[in-house]
1. Starting from region 41-65, take each residue that is modelled with pLDDT under 90 and among the aliphatic types (A, V, I, L, M) and list its partners that are assigned to a loop (DSSP other than H, G, I, E, B) and surrounded by 10 or more Cβ atoms within 10 Å (Cβ to Cβ), counting only C-beta distances under 6 angstrom and pairs at least six apart or across chains.
2. Among the residues of region 40-63, count how many are surrounded by 12 or more Cβ atoms within 10 Å (Cβ to Cβ), assigned to a loop (DSSP other than H, G, I, E, B) and not charged (D, E, K, R).
3. Look at region 18-60 and say how many of its residues are under 11 Å from the mean Cα position of the chain (by Cα) and among the charged types (D, E, K, R).
4. Name the residues in region 3-26 that are surrounded by 11 or more Cβ atoms within 10 Å (Cβ to Cβ) and at pLDDT 85 or above, would you?
Amino acid sequence: MKKEDALRLKRVIESDRMSVTAESAQIIINDLEGVLADYFCLDSKPSLKITSKNGKYSVEISFLATALKSFLSL
């Protein structure tokens, strides 16, 4: 098994344990992209990583932006 495949399988198993399906994660990412686009000039689609430890969730959001939008234009 390729390393990429193993990592993907690990993510799928982890997300299944947390009841976060790929579809659920995609919905969250799409929502984040809409909100973030209000504040940043996005250069990439946001990525989402959710991990669980001791009954708490750690949520990491990562994206690239070329600029921060002026708050006066919002």
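1. 50/20
2. 2
3. Here the count works out to 5.
4. Listed by number, the residues that qualify are 24, 25, 26.
The values are calculated or read from the model by the stated rules, or taken from the named source; none is laboratory data. Remember, it's a predicted structure, so these values are computed and weren't measured experimentally. Using ideal geometry, Cβ is built from the backbone for each residue, glycine included, and neighbour counts are taken over all protein chains shown.
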